[in-house]
Structure formats: structure tokens, C-alpha cells
Amino acid sequence: TAASALFLSRFGSASLPYVYVAAALLNTAAGFAYARLSQRTPFARLMGGTLWLLVGSVVALRLGLSLTGAAALTFFLLVWYRAISILTDLEYWAVAARLYDVRQAKRLFPVIGTGEVVARIGGSFAVPFLVLTVGVENLLTLSAAALGACLAIVAVVLRGLGAEAAARPGTAPAPRRGIAALLQDRYVATLVGVAALGVLAKYLVDFAFLEQMRSRYADKAALASTFALFSGGTQALSLLTRLFIAGPILRRHGVRAGLLILPLAHVACTALVIAAGWAPAFDAAVFWLVLANQGIYKTLKHPIDNPSFKVLYQPLRRDERLSTQIAIETIVTPVTIGLAGGLMLLFTRVLDYDPTVFAWAMLASFVAWAALGGRAGREYADALVRALRGRIVDDTPFVYGDARSLAILKGTLAGERAADVLFALGLLEKAGDPEVPAIVVRLLDHPSPEVRRSMVSRVEGARLLAALPGIARCAQGDPAASVRAAALRCLPTLSGP
């Protein structure tokens, strides 16, 4: 709020694209440095050091503004805010992903994030009163204090995490893949694409919103108060969404639905902006629809889209999970912000800015985001099966009671790869699933001889009488001699000499 209000009152909205380009350059360089540092620094020290850096930077900026009030500092404040946003988001989700496994993440990520929404609501509605009493600049002092409190809390959390890691029996760490190797993985590449399109959409919506705000308000105090009240109202809606809508949607319809809701809502709203822009009588409607697009983002991003996207990291190994998050948050995101800045320069410096024309670029990014989000939802199930097969889910025992995991395993049984089918069936047997006998009978007709032979062995060991017709069929006419032989040996066990 402080960064946006101070910037717009001094430079105006036409200079915003330069902020995004500068933020992209700064954050990309910082991202490469952060990625290298993460390979050499223990997790707890990296997380604590990040927060120390952010606290010091905000304090330094506040002192600089009070001593000089230089325009360059005001410009850099909004640039550095983008870095703070990226690094705090990375910090939060990296710690959360380290603490929870797949099942816990799906259940708890929406709940844990409620703290952020409550803080946004309280902070936003307090800003108009704070501006009257301490001024816009001193909002930075409160920001530094909040980051300091965050540092203290994270220190406690990471201390507990360190004790838990020390108590866990040690295992040889798997070899790490570098960022370039990670991006060659199709699933990770899909995650990168979804993240990039989501960031592009965010900044396009943000720019359209700030442009409309700048056209209506000029005073920095009025801008700060308006921003805060708008944010407070949308965050209240976000909290209600989190409490009453997000959980049922994610439990009932899964990650894929969670990834599609926000981009599809943007598609609908942006299409209305374009339709309203065709008629001069609906100019006021364009203003309110642009605000509605920003409201949609703030209402749905944190309770639905964020938890859904962060769950996509969970099938990855722990070290690869952090590496992928760092690549996305500190490299992919800044590069995408730079691309967004380039588009804004095109629509403001080369072309005369028109919210309806700009909406076409937004619509294209939203449609692409929705398409790739649907693909990521499909690939998540396959990635989770691969993770289960490799026994690398959080280095902890697989939770057999998770209905979603069991459903994925049963879906794997329809595949043609014998190794996948046998692994999934083995997990279902360990889980004591009551459908296993019926599944064994059904898999006697599987295309793979290896699977059929394994099912015959299971039938013989369990004396599964319901499988007698299938065993007789295999003994009489199975194309694989080894399956016929196994079935002939099994027949006396089921029906006598």
C-alpha cells in the first residue's frame, strides 16, 4: 500500500511498466544467486537469512526516505516490494512444504493460509486510520516490525523442524538435479508454465486496476485509503471463500478444479470488459468490471488457486521440491514480470492505452492459463503415482487411508505397464482394500503375461475360489505358455485332483 501510493502520487501510472522491467532484471539476478546459495546453505539458515535481509532492507528504505525523500528511492521501493512479495511467498511455501506430506498438504494448506487473509483484512481496514495518524511513509516502519515478528516465529518453527529431522533415521540423500535438469522433466515444465501464466495474468490485472485508480484519484493519502479499503473488502470475501467454499471444492473435485476456477473466472469477467467497451454508453461498466477483475484475483487466488498450485510440488522429492520452488519464484516469476512490463510499454508507449484493447491481451493470457492448468491437474495424478512407486513421498510411509491416493492407484490398474499395475496392486493389498479379490480376478485378463502370471500366483496363494473360471480359461487357452503352466498348477488347489 505504501509503495503503490507513494509511487503513483509522484510518477503516475504511465511509469509502472518501467517498475516491472526493473523488478524483472533485479529479481532474475537475485534468483540465480539465491538458487546457487540454496545448494550450499542449510535450509533453516537460508530461511532465516532471507527474513533478516528483508527486515534490513525495509528499515534502510524507510530511513532513506526520511533523510532524502529522493525520487529514485520511491521508484526503488515499488521495485523492491516485488522482491519482498516473491521472497516471502517462497519462504512461506518452502517451510510449509517441508513440514507436511501430500495428504496433510491437501488438507491443511487452505486452513493455514487463513492467517494471511485475517492479517490482510485487519491491516487493510486499519490503513486509513494509520495514514491519518502516522502518515503513508510510516507504514514502512510497521512493515519492518511485522517482518521482524515473522522472523521470530520462523525461528521457532525451524527449530522444531530441525529436531524432527535429527530424530528421523538417516538415509542417504538422493543425488540432486540442477535447475536445468529439473526443467527437462515434463511435469516440472508444466508447473513452470502454469506459474508463468499465472504471474503474467496477475500483473496484467494489477496494471489495469492501477491505471483505473490513477484516473480517479491523485492524492497519495486518498490512493492509500482506497487501496486499503478495496483490499480489506476483497480479503473479507477471500476469507469467506476459504471457510465455506475452498475446502469442499478441493475435497470433492480435486486439484484440477482448483487450478481452473480462477483463470476461468477471469476469462468470463474480461470477456464482459471487451463487450462493454464496444458501446460508449457502458464506459462506467468498463471501470467497474476492471475493478471486479482485480477483486476476483484477490478473492480466489489465496483460498483456492494458491493451495491447489502448491500441492503440485508434493510429488517431487524434498530437495527437488525446494529447487523447483526457487526456480519458479526467483527466476521464472521475475522474467515473466519483465514480459508483463514489456506488454504494458507496448500498450502505453507505442499504442494509446485503452482498457478494452488491453483486455484482449489479458483474455489471451487467461485462456492459456486455464488450458495449461487443466493439463497440470491431469499430470499431477501421474506424477503422484510415479512418486508412490519410487517410495519417495516425503521419505515417510505412504498413508494408505487417503481416498484420493487409493483412487489414483485403482486408476493405475487400467494401465498397460506391468510394473505400474503390480506396484499399485501391492499397495492396495497392504492397505487391506476390500476390492482386491475382485481386482485380482479381473486382472487375469490383463494384456501383460507378467500381470496374468502374478494374478494366478495370488489366486493360488489365497485359494480364491471365485477365480476358478478365470484360472480354467487361462489353463486352456492363454497365449503365454508360462501363464498356462501356472494356471494348470493352480487348478488342483482350487478344485481338487
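The values are calculated or read from the model by the stated rules, or taken from the named source; none is laboratory data. Everything numeric here is computed off the predicted structure, so don't read it as measured data. Here Cβ is always computed from backbone atoms with ideal geometry, including for glycine, and neighbour counts include all displayed protein chains. Remember, those area values only see protein heavy atoms, side chains included, never the ligands or the DNA or RNA. Shrake-Rupley method; radii C 1.70, N 1.55, O 1.52, S 1.80 Å.
So the values come out like this:
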| quantity | calculated |
| --- | --- |
| Count - residues of the range 423-438 that are over 16 Å from E460 (Cβ atoms), part of a helix (DSSP H, G or I) and either under 35 Å from the mean Cα position of the chain (by Cα) or of a type in the set (S, T, N, Q) (or both) | 6 |
| Pair list, Cβ < 7 Å and 6+ apart or interchain, from the range 62-74 residues that are touching a residue at least 24 places away in the same chain (Cβ under 8 Å) to residues that are part of a helix (DSSP H, G or I) and β-branched (V, I, T) | R62/T141 |
| Selection within the range 453-467 - open to solvent by less than 20 Å² (accessible area, probe 1.4 Å) and either β-branched (V, I, T) or more than 18 Å from E435 (Cβ to Cβ) (or both) | V456, V459 |
| Looking only at the range 328-361, and only at residues there that are of a type in the set (S, T, Y) and part of a helix (DSSP H, G or I), the one that is farthest from V194 (Cα to Cα) | T348 |
| Check on P307, in a helix (DSSP H, G or I) and surrounded by 22 or more Cβ atoms within 10 Å (Cβ to Cβ) | yes |
| Residue, farthest from G123 (Cα to Cα), within the range 221-250, restricted to residues that are in contact (Cβ under 8 Å) with a residue 24 or more places away in the chain and open to solvent by 70 Å² or more (accessible area, probe 1.4 Å) | I245 |
| Considering residues of the range 251-263 that are surrounded by fewer than 21 Cβ atoms within 10 Å (Cβ to Cβ) and of a type outside the set (A, V, I, L, M) only, the residue nearest to the chain's Cα centre (by Cα) | R256 |
| Residue match in the range 54-77 (condition: modelled with pLDDT under 90, part of a helix (DSSP H, G or I) and under 24 Å from A155 (Cβ atoms)) | no |
| Candidate set from the range 461-497 (those that are in a loop (DSSP other than H, G, I, E, B) and of a type in the set (G, A, S)); member that is nearest to the chain's Cα centre (by Cα) | A480 |
| Qualifying residue in the range 111-126 (condition: assigned to a loop (DSSP other than H, G, I, E, B), crowded, with 16+ Cβ neighbours inside 10 Å, in contact (Cβ under 8 Å) with a residue 12 or more places away in the chain and touching a helix residue (DSSP H, G or I) at 6+ places or on another chain (Cβ under 9 Å)) | yes |
| Hits in the range 473-487 - residues which are buried (at least 16 other Cβ atoms within 10 Å of the Cβ) and touching a residue at least 12 places away in the same chain (Cβ under 8 Å) | C474, A475, D478, V483, A486, A487 |
| Filtered residues of the range 22-57 (kept if touching a residue at least 40 places away in the same chain (Cβ under 8 Å) and more than 20 Å from I337 (Cβ to Cβ)) | S38, Q39, F43, A44, M47, G48, L51, W52, V55 |
| Boolean, T270 is modelled with pLDDT of 85 or more, open to solvent by 10 Å² or more (accessible area, probe 1.4 Å) and of a type in the set (S, T, N, Q) | no |
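Rundown of residues vs (1) touching a Pro at 6+ places or on another chain (Cβ under 8 Å); (2) more than 26 Å from A29 (Cβ to Cβ); (3) surrounded by fewer than 18 Cβ atoms within 10 Å (Cβ to Cβ), yes/no style:
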| residue | (1), (2), (3) |
| --- | --- |
| L312 | no, yes, no |
| S323 | no, no, no |
| A327 | no, no, no |
| I337 | no, no, no |
| R349 | yes, no, yes |
